[in-house]
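Before any comments, here is the structure.
What follows draws every value from the coordinates through simple rules; no lab data is involved. Because the structure is predicted, anything quoted here is derived from the model rather than measured. Neighbour counts run over all protein chains shown; Cβ positions are idealised from the backbone, glycine included.
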């Protein structure tokens, strides 16, 4: 029976373990930095999530990694390297470290070096679609020297791995290139909606788009995109900063990626509490806030 440690316990981690438990016998524990938050209410919410998922919550990263055979890192892009550095002193020799975070290939390579020096087996993992639908069966790419070993574990956990030939970072390169399009499309939809709604031509614009490209249900896509950015915009902005890092390494300025980062961050920071309402109400709230939104430096 594998002893599995989860670093970070959000949507991805909670969705994943639902399927693992049906595949094989596993012993799962988790550590999330929110359990060390200064606010008791924040700590209690995370601890309640552990209870609901029927896993053990750990008070520290060291505690979570103690004796773990498999380690899954599910944190925001900007925390990927810090978590690898923090985990390195405590990870068991020969443990497999699955880095499932959306970040630049260069970041993955640095994390791999740190963990490999502590004799862990590092696997670059790229999650290739939203996790909440297919859960542990979401398609995933893996790359690096130990890809086959990682794929074998994934298959035992009833997951769907695809090995990408190449060094650590290859799988993440594919994911991050895709993010330019996926997150960028969301940003374009939001900018189009806000402008069209302010101009009073929203319905005509979407009618025209559906005539031009009837295969896309434009209003449904808009609602979905705005909801996802509302909930995950700040996390996605962190991912887009990693995209920019990758582009700069390739000698590309990334002007479109910069604009995408702006909209993801801006909408995410508004902390809208209207997830179940129609997208028009989301848009109206954002429009009301536009005079307060300054073009900020998001450390691009």
per DSSP, antiparallel bridges as share of beta bridges in the range 110-192, % nearest 5, sits at 50
Any chance you could check the Cα centroid distance between the range 241-256 and the range 171-195 for me, in angstrom? 14
Pairing the Cα long axis of helix 40-53 with the longest principal axis of the chain, what angle in degrees results, from 0 to 90 and rounded to the nearest 10? 70
If you line up the long axis of helix 202-212 against the longest principal axis of the chain, both from Cα atoms, how many degrees apart are they, to the nearest 10? 70
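Need one number: % antiparallel among DSSP beta bridges in the range 2-168, to the nearest 5.
Numbers: 4 of 28 bridges.
Rounded to the nearest five, the antiparallel share is 15 percent.
I need 185, 9, 154 ordered by Cβ neighbour count within 10 Å, fewest first. Intermediate values should be presented prior to the final figure.
On the way: 185 13, 9 24, 154 20.
Placing the least packed residue first, the sequence is 185, 154, 9.
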Distance from the range 95-110 to the range 18-92 (C-alpha centre basis), Å: 17
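What is the antiparallel percent of DSSP beta bridges lying wholly in the chain, to the nearest 5?
Values: 4 of 28 bridges.
The antiparallel fraction comes to roughly 15 percent.
Send over the semi-axes of the chain's equivalent ellipsoid, whole angstrom and largest first, taken as the square roots of 5 times the C-alpha gyration tensor eigenvalues.
Values: eigenvalues 245, 92, 71 Å².
Rounded to whole Å, the semi-axes are 35, 21, 19.
Can you sort 216, 7, 286, 180 from fewest to most other Cβ atoms within 10 Å of each residue's own Cβ? Walk me through the numbers before you get to the answer.
On the way: 216 11, 7 29, 286 22, 180 19.
Ascending Cβ contact count within 10 Å gives the list 216, 180, 286, 7.
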Scattering profile of the range 16-86 at q = 0.11, 0.15, 0.21 Å⁻¹ [log10 I(q)/I(0), Debye over alpha-carbon scatterers]: -0.29, -0.55, -1.06
Which number comes out as Rg/Rh for the range 108-243 once both Rg and the Kirkwood Rh are worked out on C-alpha atoms? 1.10
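How long are the semi-axes of the equivalent ellipsoid of the range 78-162, defined as square roots of 5 times the Cα gyration tensor eigenvalues? Whole Å, largest first. Numbers along the way, then the final one.
Values: eigenvalues 92, 45, 23 Å².
Values for the range 78-162, descending: 21, 15, 11 Å.
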Rounded to the nearest 10, the angle in degrees between the Cα long axis of helix 11-23 and the longest principal axis of the Cα atoms of the chain comes to 50
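Using the number of other C-beta atoms within 10 angstrom as an exposure proxy, rank 61, 250, 209, 134 with the fewest first.
In increasing order of surrounding Cβ atoms, one gets 250, 134, 209, 61.
Quick one: work out Rg over Rh on the C-alpha atoms of the range 1-144, Rh as Kirkwood radius.
Working: Rg = 14.3 Å, Rh = 15.3 Å.
Ratio of gyration radius to Kirkwood radius: 0.94.
So what is the 222 nm mean residue ellipticity for the chain from helices alone, if each DSSP H run of at least 4 adds -39500 (n - 2.57) and you divide by all residues, rounding to the nearest 500 deg cm²/dmol? Let's see the in-between values first.
Values: 12 runs with 165 residues, N = 300.
Helices in the chain give a 222 nm mean residue ellipticity of -17500 deg cm²/dmol.
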